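Take a look at the structure below.
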Amino acid sequence: MAFNYANWLRQDLMPHIWCPGCGIGIVLKSAIRAMESLGWNQDTIGFVSGIGCTSRAPGYVDMNTLHTTHGRALTFATGLKMAAPDKNVVVMAGDGDSAAIGGNHLIHSCRRNINITMIIVNNEIYGMTGGQFSPTTPGGARAATAPYGNIDPGFDLCKLTIAAGATYVARGHVANGIYLERLIKGGMAHKGFAVIEVMSNCHTQYGRRNQHPDPAELIEHIASNAVMLTKWDKMTPEEKSGKYPIGVLHKETDKPEYCESFYKLQQHAQERVRDASRKIAEAEAMKPKREGAGGEPSEN
Amino acid sequence: MTHNKDRVFWAGNETIAEAALRAGCNFYAGYPITPSSEIAALLSLRLPQTGGVFLQMEDEIAAMGAVVGGSLGGAKAMTATSGPGFSLKQENIGYAIMSETPCVIVDVQRGGPSTGAPTAPAQSDIMQARWGTHGDHSMIALTPGTPAEVYRETVRAFHLSEAYRTPVMLLIDEIIAHTTESFDIPTDEDLGPIHPRTWYQERYGANSFRPFHDFYQGKHIHITGLSHNERGFATTTPAIIQRGIEHLVNKIELNQKEIERNDTYMLEDAEIALIAFGSPGRASKEAVDIARAEGIKAGLMRIITFWPFPTATIRELVDKVRAVIVPEMNMGMLRGEVERAAMRRDVQLHGVNCVGGVPIEPQQVIDKIREVYRGL
């Protein structure tokens, strides 16, 4: 049976701003299916984004949605999560948003291991601003600001976030939405900071400058370079060239989650206040009562 | 002297932290910077005790983002910073203005530009408080000058931020931050009731250009920094954009009477008026006493609500005096606003400007009063 998206979308706000053939819709639909399959109630979801094409996603989904400033989505999400830790917080951001201007917030969110799901749509370009090279644009690729080819080495966002301390890191791509849904669901169900990098297509700004102007063809190209992790581990460095691994690349469950650590800190602080109050009360009770002396201290 | 258990001996930073807790603040996010450090240190101790959240973020920008996120999650949220940190926070302060998210930002001013003279006192962030973030908007900024006033104005900052659904700035200078003095904590009666968020939602619900709800209240609201319609969704319709910006300005400017607060001293018959805020207000008060003893009719207006600026009040004052002196720890930011308020009226306008990182002393002010008096 076909999935019914009607309850999850603000259909009165359509049409959306994305180009025909854009991969962001596939990612958003996969995320929605993951939320429903986890039984999440829309009222209990805070869906947060920054600025860019991907970051327009929260405007179209029917839940508590927060469209923030460029690169800063994780900072707002961290505040929102700490203020209401029982609610689910999901962030969706592009590669420029999360890895360039928001890079500091990304690594520190990983370090804290706060229970937030971060979906990074990596189309290897700044789409909304006109196709400038991003921190994930491949070497040699043409961009609006790299007319001679890109010389900036790129980030491997999965390696970066694993190194920074994220406890669930997965990579998928937009050619396989069913598998993507499973990866996102795994991240949402995980207690801790979860990163799902999604290799996606921007034929408008990236593809047309780099011999992939057709969206379907570009998506096929992206899929053709993906290798399941089990196979990837057996490949030689030569075979790995130009390819990337997909699947759950990293998962650990024994690292403390930040909201829980803070809750324990609160309990400890309150216990210390209770202890101190008890000791003061005991000391007061031990004091000898003086005949005729009032409770009030001297005014001298 | 009578014994009073509510009499305390606190520095300004300490006072702000304790007053914030009294106002119901249960969320702080910040980044280390002097001379505001003690506020964060104290709240890292106190907030967990009261069930609140304390976050030390990776940078100033992140701290301001977390404050807005915390506020949308239903918390009474604040941050504190100083000069360079205040510059970094401007981006997300703009977001709080645009998204009409209540929060309190404390700026303990130090000298600039850039790293400046850490952590010597200055009052040179007052224009950044007003215009630091890009785009058109109004602003509420409070500049208390005495310990008890710091306490009261901290509580009032939370009240105003929730009532007007806007970030409120509390600006003090390093002298007020680090001067320890004894004062009586205001009583409940004196302070007025402390309200929960829902109280403001019921009474001020119409005072907003987006749905007046926090997250997770079943309303599925959308919040954006884009120009938006009354439902909170992005718009490109010029008339709606215009209405939205006018709303951001008018909701504060048209309620100036409720927001404005000043303190006056011996102004009734004054020929020379001093206009000051923060710690120079105290040096000015002493200078007024000295001048009066010498037979010079001097008086003082001390500004407590700096923004929106008390333009009408100052215009009225300027009409009654022959000269105005503005002592301030910057090169004339307040004097410029006074000049604007005076609207070319026939009055002498002088400044006492100290930007060397030391307090303005009463001697500097009385010297200027005598000089101006001789020339009248």
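The values are calculated or read from the model by the stated rules, or taken from the named source; none is laboratory data. All values derive from a computational prediction rather than experimental measurement. Don't worry about glycine lacking a Cβ; one is built from the backbone with ideal geometry, like all the others, and counts go over all protein chains shown.
Does B:ILE360 qualify as being assigned to a loop (DSSP other than H, G, I, E, B), β-branched (Val, Ile, Thr) and touching a residue at least 12 places away in the same chain (Cβ under 8 Å)?
On the way: assigned to a loop (DSSP other than H, G, I, E, B): yes; β-branched (Val, Ile, Thr): yes; touching a residue at least 12 places away in the same chain (Cβ under 8 Å): yes.
Yes, satisfied.
Pick from A:ALA216, A:ALA276, A:ALA281: which is among the aliphatic types (A, V, I, L, M), out of contact with any helix residue (DSSP H, G or I) (no Cβ under 9 Å at 6 or more places or on another chain) and in the same structural domain as A:ILE26 (by TED's automatic domain parsing)? Before you say what the answer is, go through the steps one by one.
Details: A:ALA276 fails: in the same structural domain as A:ILE26 (by TED's automatic domain parsing); A:ALA281 fails: in the same structural domain as A:ILE26 (by TED's automatic domain parsing).
Selected residue: A:ALA216, the only one of A:ALA216, A:ALA276, A:ALA281 that is among the aliphatic types (A, V, I, L, M), out of contact with any helix residue (DSSP H, G or I) (no Cβ under 9 Å at 6 or more places or on another chain) and in the same structural domain as A:ILE26 (by TED's automatic domain parsing).
So, in segment B:178-217, of the ones that are among the aliphatic types (A, V, I, L, M) and under 25 Å from B:SER279 (Cα atoms), which residue ends up farthest from the chain's Cα centre (by Cα)?
First, pick out the residues of segment B:178-217 that are among the aliphatic types (A, V, I, L, M): B:185, B:191, B:194, B:206.
In the following step, the residues that additionally are under 25 Å from B:SER279 (Cα atoms) were identified as B:185, B:191.
Values: B:ILE185: 20, B:LEU191: 18 Å.
My answer is B:ILE185.
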remark   = Residue set B:SER279, B:SER227; condition among the hydroxyl-bearing types (Ser, Thr, Tyr) and in contact with an Asp or Glu (Cβ under 6 Å, 6 or more places away or on another chain); output residue B:SER279
ask   = In segment A:80-113, what residues are among the small types (Gly, Ala, Ser) and within 14 Å of the chain's Cα centre (by Cα)?
value = A:ALA93, A:GLY94, A:GLY96, A:SER98, A:ALA99, A:GLY102, A:GLY103, A:SER109
remark   = Among (1) within 20 Å of B:GLY73 (Cα to Cα); (2) within 14 Å of another protein chain (Cβ to nearest Cβ); (3) touching a strand residue (DSSP E or B) at 6+ places or on another chain (Cβ under 8 Å); (4) surrounded by 24 or more Cβ atoms within 10 Å (Cβ to Cβ), A:GLY102 falls short only on (1)
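Does A:ALA144 meet the test of being surrounded by fewer than 19 Cβ atoms within 10 Å (Cβ to Cβ), assigned by TED's automatic domain parsing to the domain that holds A:HIS203 and touching a strand residue (DSSP E or B) at 6+ places or on another chain (Cβ under 9 Å)? Step through it out loud before you land on a result.
Values: surrounded by fewer than 19 Cβ atoms within 10 Å (Cβ to Cβ): yes; assigned by TED's automatic domain parsing to the domain that holds A:HIS203: yes; touching a strand residue (DSSP E or B) at 6+ places or on another chain (Cβ under 9 Å): yes.
Taking the combined requirement at face value, the residue satisfies it.
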Enumeration of residues in segment B:194-236 that are over 26 Å from B:ARG156 (Cβ atoms) and either away from chain A (no Cβ under 14 Å) or among the acidic types (Asp, Glu) (or both) = B:GLU230
request  = Return yes or no: is B:GLY51 assigned to a loop (DSSP other than H, G, I, E, B), within 8 Å of chain A (Cβ to nearest Cβ) and more than 29 Å from B:ALA120 (Cβ to Cβ)?
outcome  = yes
remark   = If we ask which residues in segment A:223-243 are of a type in the set (A, V, I, L, M, F, W, C) and either closer than 20 Å to A:PRO153 by Cβ or not in a helix (DSSP H, G or I) (or both), their number turns out to be 4
remark   = Listed by range, strands (runs of 3 or more DSSP E) wholly within segment B:288-347 having at least 2 residues that are touching a Leu at 6+ places or on another chain (Cβ under 8 Å) and either free of Cβ contacts under 8 Å to residues at least 60 places away in the same chain or over 21 Å from B:LEU254 (Cα atoms) (or both) are B:298-303, B:323-328
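Go through segment A:106-151 and give me each residue that's part of a loop (DSSP other than H, G, I, E, B) and of a type in the set (S, T, N, Q).
Residues of segment A:106-151 part of a loop (DSSP other than H, G, I, E, B): A:113-116, A:123-125, A:127-131, A:133-142, A:144-145, A:147-151.
Once the filter is applied, which keeps residues that are part of a loop (DSSP other than H, G, I, E, B) and of a type in the set (S, T, N, Q), segment A:106-151 yields A:ASN113, A:ASN115, A:ASN123, A:THR129, A:SER134, A:THR136, A:THR137, A:THR145, A:ASN150.
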query = Quick check: is even one residue across segment A:278-298 within 27 Å of the chain's Cα centre (by Cα), on the phi < 0 side of the Ramachandran plot and either surrounded by 10 or more Cβ atoms within 10 Å (Cβ to Cβ) or at pLDDT below 95 (or both)?
reply = no
ask   = If you go through segment A:176-198 one residue at a time, how many are surrounded by fewer than 24 Cβ atoms within 10 Å (Cβ to Cβ) and of a type in the set (Phe, Trp, Tyr)?
value = 1
task = Looking at (1) under 21 Å from the mean Cα position of the chain (by Cα); (2) within 11 Å of chain A (Cβ to nearest Cβ), find the lone condition where B:LEU21 falls short.
result = (2)
query = Going through segment A:30-56 one residue at a time, which ones are more than 8 Å from chain B (Cβ to nearest Cβ), part of a strand (DSSP E or B) and farther than 30 Å from A:GLY130 by Cβ?
reply = A:ILE45
note = Filter segment A:199-256 for residues that are in contact (Cβ under 8 Å) with a residue 40 or more places away in the chain and among the small types (Gly, Ala, Ser); the one that is surrounded by the fewest Cβ atoms within 10 Å (Cβ to Cβ) is A:ALA216
Residue tally, condition more than 8 Å from chain B (Cβ to nearest Cβ) and in contact (Cβ under 8 Å) with a residue 60 or more places away in the chain, over segment A:262-285 = 1
Which numbered condition A:LEU13 fails, given (1) aliphatic (A, V, I, L, M); (2) more than 9 Å from chain B (Cβ to nearest Cβ); (3) surrounded by fewer than 21 Cβ atoms within 10 Å (Cβ to Cβ) = (2)
query = Do any strands (runs of 3 or more DSSP E) lying entirely in segment B:81-199 carry at least 3 residues that are touching a helix residue (DSSP H, G or I) at 6+ places or on another chain (Cβ under 9 Å), surrounded by 18 or more Cβ atoms within 10 Å (Cβ to Cβ) and free of Cβ contacts under 8 Å to residues at least 60 places away in the same chain, and which ones are they?
reply = none
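Have a look at B:ALA96, B:ALA120 and point out the one that is small (Gly, Ala, Ser) and more than 14 Å from every other protein chain (Cβ to nearest Cβ).
On the way: B:ALA96 fails: more than 14 Å from every other protein chain (Cβ to nearest Cβ).
On inspection, the qualifying residue turns out to be B:ALA120.
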task = Among the residues of segment B:54-80, count how many are at the interface with chain A (Cβ under 7 Å from one of its Cβ atoms) and either part of a helix (DSSP H, G or I) or of a type in the set (Phe, Trp, Tyr) (or both).
result = 9
request  = Being assigned to a helix (DSSP H, G or I) and more than 24 Å from A:PHE262 (Cβ to Cβ) is the filter; apply it to segment A:57-97 and report the residue that is farthest from the other protein chains (Cβ to nearest Cβ).
outcome  = A:ASP95
